[in-house]
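Take a look at the structure below.
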Amino acid sequence: MKHFLTLMDLSATTGKALLARAIVLKRLQAEGTPHRILAGKTLGMIFDKSSTRTRVSFEVGMFQLGGHALFLHSNVTQLGRGESIADSARVLSRMVDGITIRTFEHAIVEEFARYSQVPVINALTNLTHPCQILADLMTFWEHRGVIAGRTFCWIGDGNNMLHSWINACRTFDFSLHYACPAGYEPDAALLAAATAQGANIVAFDDPMQAVVGADMVTTDVWASMGQEDEQAQRKKNFAHYQVTTAMMSEANPNAIFMHCLPAHRGEEVAAEVIDGSQSVVWDEAENRLHVQKALLEWLLHVDG
Ligand code: CP
Ligand code: NVA
């Protein structure tokens, strides 16, 4: 049974094929060419956290592929009333063809996948957000071409997004610079696993140094979902980690800016950067739709 819980689940060949397929699916959709590859298939979408892009892109994606998606927020299912992960996985996977989960602890998606008879997709956990990185890589490819050999730079929190960039490094063969405030570094075990596989990752104390040589600069909110009560403290600790025009000018001249969204202008990114000419954030958001359609096709389509 194939699942997509982290980017470590993708081989380099499959990863590249998914991006290429996403570009084709984007063109088919733009042309109005039907591609009902998942006709008759259903996707259950479990959410324990808020979402705009992830919910809409999976739901619209299933519709465009000829299938159907069910939005299952935990506050309206028995999961939210304490039915176990294992029992929920056993039951739901007898009815649907695939399941996405957005939740808190990463162990929940792992447990769900263990008991599921159908593919499970991680739609964000506290640890990782792999679907977003697929969309980001697709967006880089569309704007700047080949990914292998490039340098990408992360500024800010050592969170689920940075973890997914770390996991993607080796598979897609790019180098990663990152600068996080002290105390907000990425998970040491996840980082060690990536570097043990040969990922080229360099940590910087100074964000202005980290962006030097970067072909893409990216960041994320200072307080992720579930960390709302740390917002004020984080705002102080992250004060020097805003991606500004001055910071972008230290990157390569052709560098682009990405952000998974939602963004807080004036915190992790200056308005003139996210709304400026180097920003590709709207294409990045749209590409969630196209790349997840490629992912759904890979996981749910059975030939013949
Ligand atoms: N980037 C992202 O996952 O957005 P949502 O939280 O709106 O789904
Ligand atoms: N790091 C953010 C990403 C949101 C898409 C969060 O987990 O809230």
q = 0.09, 0.12, 0.14, 0.16 Å⁻¹, the chain: log10 I(q)/I(0) [Debye, one scatterer per Cα]: -0.43, -0.77, -1.05, -1.34
query: Cα extents of the stretch 1-103 along the three principal axes, largest first, in whole Å?
result: 44, 30, 26
statement: Counting only residues 5 or more apart in sequence or on a different chain, those whose built amide H sits under 5 Å from that of Ala69 are Leu43
- request: Could you do me a favour and compute the accessible area per residue for the chain, 1.4 Å probe, result in Å²?
  value: 42 Å²
- prompt: Toward the positive end of the charge dipole of the chain, about the Cα centre and with charges on Cβ (Lys, Arg +1; Asp, Glu -1), which of Gly44, Leu162, Cys131 goes farthest?
  reply: Gly44
- prompt: If each of Gln233 and Ala193 carries a label point 7 Å out from its Cα toward its Cβ, how far apart are those two points in nm?
  reply: 2.7 nm
task: Counting only C-alpha contacts under 8 Å and six or more residues apart, can you give the relative contact order of the stretch 64-123 as a whole percent?
output: 33 percent
- prompt: What does the charge dipole of the chain about its Cα centre add up to, to the nearest 20 debye, if the Cβ of each Lys and Arg holds +1 and the Cβ of each Asp and Glu holds -1?
  reply: 940 debye
Gain upon complete extension [Arg114, Thr77; 0.36 nm per residue less C-alpha separation]: 11.3 nm
query: Roughly to the nearest percent, how much of the accessible area of the chain is carbon and sulfur, given a 1.4 Å probe?
result: 52 percent
message: No solvent, one uniform scatterer per C-alpha: report log10 I(q)/I(0) for the stretch 146-304 via the Debye equation at q = 0.18 1/Å, two decimals.
response: -1.15
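The values are calculated or read from the model by the stated rules, or taken from the named source; none is laboratory data. The model shown is predicted, which means the values in this text are computed figures rather than measured ones. Note that each Cβ is placed from the backbone with ideal geometry, even for glycine, and that neighbours are counted across all protein chains shown. Note: areas computed on protein heavy atoms with side chains; ligands, DNA, RNA excluded. Shrake-Rupley method; radii C 1.70, N 1.55, O 1.52, S 1.80 Å.
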